[in-house]
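The values are calculated or read from the model by the stated rules, or taken from the named source; none is laboratory data. Keep in mind that this is a model prediction, so the values were computed, not measured. Using ideal geometry, Cβ is built from the backbone for each residue, glycine included, and neighbour counts are taken over all protein chains shown. Heavy atoms of the whole protein, side chains included, go into the accessibility calculation; ligands, DNA and RNA do not. Shrake-Rupley method; radii C 1.70, N 1.55, O 1.52, S 1.80 Å.
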Amino acid sequence: MNEVVSFFSTTLRLATPTLLAALGIVFSERAGVVNIGTEGMMLVGALSGVIGSYVTGNVWLGTLIAIVVTVLFAAIFGFFTVVVKADQTVIGTGMNLLASGLTITVNRALFGASTSPPEIDKFVIAPIPGLSKIPVIGPIFFNHHILVYLAFLLVPIAHFVMFRTNVGLKVRSVGENPKACDTVGIRVGMTRFLSILYSGILAGIAGSFVSMGMLSFFTEGMIAGGGFIALAAVVFGNYTPRGVMFSSLVFGASNALMYRLQALATNVPSQFPLMIPYVITIVSLCIVSRRSNKPLGSGKPYIKE
Amino acid sequence: MTTILEMRNITKRFGPVVANDDVSFSVKKGEVHALLGENGAGKSTLMNILFGLYEQTSGEILYKGKTVNIRSPRDAIHLGIGMVHQHFMLIPAHSAIENVVLGYEGNSAVLDLKSAAKRFTEMAERYHMNIDPWELVGNLSVGQQQRLEILKALYRDVETLILDEPTAVLTPQEVDGLFEVIRQLVAEGKTVVFISHKLPEIRAICDRCTILRRGKVAAAGLPISDIKDLNELARLMVGREVELVTEKTPSEPGEVVLNVENLNYTNDKGIHVLKDVNFDVRAGEIVGICGVDGNGQSELIKCLTGLLHATSGKIELMGNDITACTPKQVLKQGIGHIPEDRHAMGMVGQMNLRENISMVDSRDEPYSSHGFMHWRWIDDHSRNLIDKFSVKTPSIMEKAINLSGGNQQKLVVGRELSRKANLLIAVHPSRGLDIGATKYIQSQIVEARDRGVAVLMVSTELDEILEIPDRVLVIYSGRILACLDQCDCTRSGLGLLMAGIEDGEEDRPA
Amino acid sequence: MEGLGIKQRLQETLKSIYFPFVAIVVSLLIGSVVILATSTTSPLTAYGHMLKGAFGNLAAFDATLIKAIPLIFTALSFSLARRSGIINLGAEGQFMMGALAATAVGVATPNLPAIIHLPATLLAGFLGGALVGLLTGVLKVRFGASELIITIMLNYIAKELISFFVNGPLMDSASSSYPQSAPMEPSARLYKFIPGMNVHTGLIIALVFIFLYYFFLWKTTAGFDMRVVGFNPSAGEYAGMNIGRSTIFALFLAGGLAGLGGCIEIIAVQGRLMMTSFIVPYGFTGIAVALLGNLNPLGVLFSGILFGGLSAGALRMEVMTRNVSSSVAVVIQALIILFIAGRQMFAIKKRYRSRSSSGTSAGKTVTDEAKDDDAPLAPATAEEGV
Amino acid sequence: MRNKWIRMLALALVLVMSFGLLVACDKKDSGSASDPDAPKKDVKVALILEGSIADMSWNATAYEGLKRIEGLGATIGHTENTPVASAADAIRAFASDGYDVIFMSSNSFQDVAVETAKEFPDVQFFLINSAATESNIRSFAIQDAEQGFLMGALAALLSVNNKVGFIGGLPINPIINGGKGFEQGAKYVNPDIEIMSQNTGNFDDAVAAKELAKQFVSEGVDVLCPMANQASLGVMEAAEETGVLAIGSGRNQETVAPNAAVVAIIKDTSIAYEAAYKSYLEGKMPEEILPMGAAQGVIYIGEYYKDDISQDIKDKLNDIQQKLAAGEIKIKLD
């Protein structure tokens, strides 16, 4: 029983950064932007969160700083893809490289190369009073960091915004047919730019959750593919917030399974459990890609004559 | 009547191309003003400037007497200008009402689609247009989509409505319905700018007309009532006397080249698009398929050319069953195919002319052998071809995208006609071309027929259908409703058939 | 080109140099700000070392060439796929799998004459990458799965496979328990061929493949089909080309090119396969090389050498300056990617703004180069003028 | 209009950057390690690192060693994150710049170093964890297994559940040997102990290390030992959160686990570097491979962070360390 609890609790925890980032990407994807650069944004968020928390001594202020810095970083992506109309994939790749170089450079400049990690304020486990005492259910669902609850609470909100509000309609339309949006007076570029910034906000939060919730320090290259997994979660989740939640949980569970297998089957070469999440991603993409909500204008810059 | 809109000395350049050259245009409140001109005359450019999609290189716009700076459609909508574009600006994945409220400034942050739908339905009923607000736009017919576009503009309380070639995709009966709506709008005091190159329609609905020719104003604000002869308008539009009829001798049909039997096609959404289609095409005759866009023509042609595979039925070319053939195999059998959209299918804009010319036969001699391209031969061949079909280009190394629309189509037609084809399939061969290019391409098709090629032509243009084919098939909702000899065709008869009314044959003259 | 005079040719050349030049200059300028902010070294000094380390003398150029070779292969891989309408982010993994397959062949059979062993190893390298490409292609065509994510995931899987093989089946049992393969047999290695220089015969192979890339795409029907499909898939379909097959074949070849690059890197430079053989992101850098080279064969050659120089120069910069870390070179590389991909930004926009009343236009400006790019970089939806 | 904006922005960017560059020119270049006018009396020592000097472990202590050498009066230079493919260039760059001694910090560099060293007979090379000895090459072998052995032994001494866990990073030589030593060390203390040992495949992904550690704990492990460079922090943190004990494998790892960290078994390669450099200065370099382990003071037990460790355990561990140093305990590595 304990193992079941631990497995599901781990699943939720591991799903959270994916879910947070994916809830941002789902909007930018719907607006027609393929954000390969999420990995880099999360890395920037992870470092700036730690710096912010270190400077202010408060994890929330740190997260706020992470959001601001990541949004600025996302603005570079937005500038190149929306304003300059460059190829989104290539710019995204460049952003990832930029983030990896910049975070190393900045981290060293601020904290030095070989010292102990700075002591920072970090997210603590916040059991929900009462609910966390329920056997089995409590420890699985109600004994987490606040950001875990927030991530899952954000799902219905994101769903509502995407399908019930004016902004959501604009975002969905801009990805489907930017020219039509232009003719009804919607500023296509601005909508896309803002959705990129929004995905930056969430990537920043996701990054700071990795560096200040799951851990309490920054290490070089610490996102280790999490941004790409989030991107895959959006495609697998068929571009809806609910689907994204489902796919994040699948990825979280596959990671939890991987760690479990690693711990149990110590004579299986560790490389094979490590491949599980990637294999699951590929297989799941093959299953869902045929019936996709992928926006028609996805990945293509809107060029007004 | 006061002048509501004035465009003064508008010039618009696209690089070296001058699309509008010192154009002035003025519209009075409450009139239907036709903007007339050939394709490429600059009508749409001018209206796109008015609607804020383009920015003029120079010139000014006055609306209700005030100079206005229209930099985006948003500004135009604020002023009360609405536009229904030739290519609908709708999002198929969204419902009708979502399309209507999209970008509407009166939207609250949380959408209240229910009351929007109520307002929409009331408005639709007022203009006798019935559209289910909750239906996905992808499921609406073309006519419904256009009505939705008009309602979308009206929903924004426009005072001036620009209709860009609104009748291109409608049946004559739908056109009549559209004219009813326009009359009602004018009666309510709204102003309509009506872009077209179809002279009878202009006479039927418009009060005045402005004619553009090659980017310049050929006639401004001409009252329609003053015009006695349509040829006069045509002359103003084209700049010379137009031979409105393509010379053609009666056909001498030979053996059956293409035979289609009980063809059925159901698409992946489960919609039965083609229903028991039967017809044949003989050597030396032109068979025209006439119908409103979206009634199965595209699918039929795709089945014939192997791009789609029929669900059941049989297609025979020169006695060979090609039903299950791939496009490559079909092409080998000797089919020339002028596709429906040259940009999307017929050519590769980023490639040069010689590459576009070798595109279809690249795998065959003499274009290539043993997997290697024979560029030297292709160069000679390309030069001959652009000479023969008078494609205007600086060189065969020019990218196709840099050619004008007419020259692009000549290139595609030339390529397909120069292939050794038994069957030529020509889909909308003159769509988007000016009269000169249209006539040239039509005459080339007739010439091919005279050489003994079997021709299957798809068109939505009644003028073309009435003129070119020897036999006409009318397609409606995936069914061939009628097969008529050309001499049995009348405009109204075809119109009714195109609208799916089979009794239309009764109208034909004895 | 028909009807082009020397002057026009010169203009064309200048135009093709303009964008890369500006992009590199701007990247270096921003990089200099990073250097200023994070170290006490003057950017000019740092860049001076960089330039010297890249092209300063024969030895530097030698190092540059050696580093350019794998990048040329991954760039050809990206270019070929891109010309066929596919974005191959998987060169990284294909490179590794090529190296892995080559290692298996290169260490397995001692006492084989080089004339058999070397070609077999190169072929294994090609196939190792090509099969990964093939898998990507089949998944894309058969299931419609996005090649972007598939290739990224396959990169991670390839990394784990390398780890598994050098810790298991391919581990060098003779020398020690190190997680590395045995050294490649001498018969399966590439050697230096210019006296006084360290550059190896892989350079010749790279040049041959640059030519083959050109020859294949522009002179063969299969390459022609691929380019048509890359520019406009529906036109390709209309013209009787098999889109799916073309896509799969393109990814097969692209994977093979990357795999061959990985193979050559192992048999010529590193000598044996190790866990740490692929610290350098050869695949992702290849994207930048391909873009800078505008997907053209000669362009790839020159930009490959430039990036090789950047890498060799960055090393020297790190050696010569105490506190400019190598991550600054990563930043500069990233900036070059951004500014090359966004090179329209630097276009001298004449034709959309000219309000002069003169009737004739001043002819094509540099804008045209960015807009009417020869390569299919322009997005498919770009509206095509009037 | 928008295009104009873009161009203005680009121009502004270029201007600002140029200005920055101009300002930069005034700045005195104090960073350059090379000084052509300096007399050739001081020794120039270079270090070529495969990883990042911020890894809190292998490469960090190597860099520390270089700093120690600098303290002995040498001029130093280094490159980090150097791929094998660049190792030869790095050697050539240093050698042609007049460096006298070059340290190569990884066994991956062995082939390349042996090959390239021939070009520079006057330069002295030191290869870490290598088996090569040529005229100008000396190798020393860090006894990673001894570090693992001490960690395993201490873990077994501390374990209540009789279950201890080892978490490695990338499965490269030092980590694998460390793992082997760990098992033997634990068994040495308690032949019946259960050992869980796994590599995360990664030095960057601290989350992976942490989650794996938590899994170990849920399987009953009560002493965790990481050997995963910077990712070790994840393991330390997991111990802290789950309330089990952890034994560090480098300095500074305890900061994230104030309650869990017992002690760090330190593999201070900086001592090895310094010792090698001293032997070079004295001109007494043995041809055989220099072992660098407990005997040389490279591997030692750090200061205990916790007060409640019994003296008995401390004594037993010290005893094992001495036996390792004296060669009384042999670790099998095949």
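Quick notes on this one:
- Residue match in the stretch A:140-152 (condition: more than 8 Å from chain B (Cβ to nearest Cβ), assigned to a loop (DSSP other than H, G, I, E, B) and over 22 Å from A:TYR198 (Cα atoms)): yes
- Counting only strands (runs of 3 or more DSSP E) that fall entirely inside the stretch D:50-156 and contain at least 1 residues that are away from every other protein chain (no Cβ under 13 Å) and not basic (Lys, Arg), the qualifying elements are D:101-104, D:124-128, D:137-142.
- Considering residues of the stretch D:250-265 that are open to solvent by less than 10 Å² (accessible area, probe 1.4 Å) and touching a residue at least 60 places away in the same chain (Cβ under 8 Å) only, the residue nearest to D:GLN147 (Cα to Cα): D:ILE265
- Taken over the stretch D:64-97, the criterion of being open to solvent by 30 Å² or more (accessible area, probe 1.4 Å) and either at positive phi or in contact (Cβ under 8 Å) with a residue 60 or more places away in the chain (or both) is satisfied by D:GLU64, D:LYS67, D:ARG68, D:LEU72, D:GLY73, D:ASN81, D:ASP97.
- Residue satisfying all of: in the stretch C:200-254; basic (Lys, Arg) and open to solvent by 40 Å² or more (accessible area, probe 1.4 Å); farthest from the other protein chains (Cβ to nearest Cβ) among these: C:ARG245
- Any chance A:GLY112 is open to solvent by 10 Å² or more (accessible area, probe 1.4 Å), on the phi > 0 side of the Ramachandran plot and within 14 Å of another protein chain (Cβ to nearest Cβ): yes
- Just one of the listed residues (A:VAL234, A:VAL279) is of a type in the set (Val, Ile, Thr), at pLDDT 90 or above and surrounded by fewer than 23 Cβ atoms within 10 Å (Cβ to Cβ), namely A:VAL279.
Okay, residues lined up against (1) out of contact with any strand residue (DSSP E or B) (no Cβ under 9 Å at 6 or more places or on another chain); (2) at pLDDT 80 or above; (3) basic (Lys, Arg); (4) open to solvent by less than 10 Å² (accessible area, probe 1.4 Å):
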site	(1), (2), (3), (4)
B:ASP226	yes, yes, no, no
B:ASN231	yes, no, no, no
B:GLU261	no, yes, no, no
B:GLY270	yes, no, no, no
B:ASP280	no, yes, no, no
B:GLU285	no, yes, no, yes
B:GLY288	no, yes, no, yes
B:LEU300	no, yes, no, yes
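- For B:ALA220, the conditions (1) in contact with a Phe, Trp or Tyr (Cβ under 8 Å, 6 or more places away or on another chain); (2) open to solvent by 80 Å² or more (accessible area, probe 1.4 Å); (3) of a type outside the set (S, T, N, Q) all hold with the exception of (2).
- Scope the stretch A:96-133; condition over 15 Å from A:GLY221 (Cβ atoms) and either modelled with pLDDT of 90 or more or charged (D, E, K, R) (or both); matching residues: A:GLU119, A:ASP121, A:LYS122, A:LYS133
- Taking the criterion of being more than 14 Å from chain C (Cβ to nearest Cβ) and open to solvent by less than 40 Å² (accessible area, probe 1.4 Å), the residues of the stretch B:1-25 that qualify are B:ILE4, B:LEU5, B:MET7, B:VAL23, B:PHE25.
- When the stretch A:79-90 is filtered for residues that are more than 7 Å from chain C (Cβ to nearest Cβ) and surrounded by fewer than 24 Cβ atoms within 10 Å (Cβ to Cβ), the ones remaining, listed by number, are A:PHE79, A:VAL83.
- The set of residues from the stretch B:350-383 being open to solvent by 10 Å² or more (accessible area, probe 1.4 Å) and within 7 Å of chain C (Cβ to nearest Cβ) comprises B:GLN350, B:ARG363, B:GLY371, B:PHE372, B:MET373.
- Per-region count, the stretch C:266-281, residues open to solvent by less than 10 Å² (accessible area, probe 1.4 Å), part of a helix (DSSP H, G or I) and within 9 Å of another protein chain (Cβ to nearest Cβ): 1
- Condition check for A:GLY200: small (Gly, Ala, Ser), facing chain B (nearest Cβ under 10 Å) and at negative phi: no
- Of the residues making up the stretch B:386-405, those that are open to solvent by 30 Å² or more (accessible area, probe 1.4 Å), assigned to a loop (DSSP other than H, G, I, E, B) and touching a residue at least 24 places away in the same chain (Cβ under 8 Å) number 5.
- Residue selection: B:ARG431 fails the criterion of being modelled with pLDDT of 90 or more and open to solvent by 10 Å² or more (accessible area, probe 1.4 Å).
Conditions (1) more than 11 Å from chain A (Cβ to nearest Cβ); (2) among the aliphatic types (A, V, I, L, M); (3) open to solvent by 40 Å² or more (accessible area, probe 1.4 Å), marked per residue:
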| residue | (1), (2), (3) |
| --- | --- |
| D:GLY168 | no, no, no |
| D:ASN177 | yes, no, no |
| D:GLY181 | yes, no, no |
| D:TYR188 | yes, no, yes |
| D:PRO191 | yes, no, yes |
| D:SER197 | no, no, no |
| D:GLY201 | no, no, no |
| D:ASP204 | no, no, yes |
| D:VAL207 | no, yes, no |
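- Set side by side, the residues A:VAL184, A:VAL167, A:VAL155 differ, and just one is among the aliphatic types (A, V, I, L, M), within 11 Å of chain B (Cβ to nearest Cβ) and over 18 Å from B:ASN48 (Cα atoms), which is A:VAL167.
- If you go through the stretch A:280-297 and keep only what is at the interface with chain C (Cβ under 7 Å from one of its Cβ atoms) and in a helix (DSSP H, G or I), you end up with A:THR281, A:ILE282, A:LEU285, A:CYS286.
- Among the conditions (1) under 18 Å from B:ARG214 (Cβ atoms); (2) touching a Gly at 6+ places or on another chain (Cβ under 6 Å), the only one that B:GLY30 does not satisfy is (1).
- Output for the stretch B:123-136, where each listed residue is among the aliphatic types (A, V, I, L, M), closer than 19 Å to B:LEU178 by Cα and either touching a residue at least 40 places away in the same chain (Cβ under 8 Å) or open to solvent by 60 Å² or more (accessible area, probe 1.4 Å) (or both): B:MET129
- Candidates are the residues of the stretch B:98-116 that are in contact with a Ser or Thr (Cβ under 9 Å, 6 or more places away or on another chain) and outside any loop (DSSP other than H, G, I, E, B); the one that is surrounded by the fewest Cβ atoms within 10 Å (Cβ to Cβ) is B:VAL110.
- When A:THR105, A:THR70 are screened for being assigned to a helix (DSSP H, G or I) and more than 14 Å from chain C (Cβ to nearest Cβ), only A:THR70 passes.
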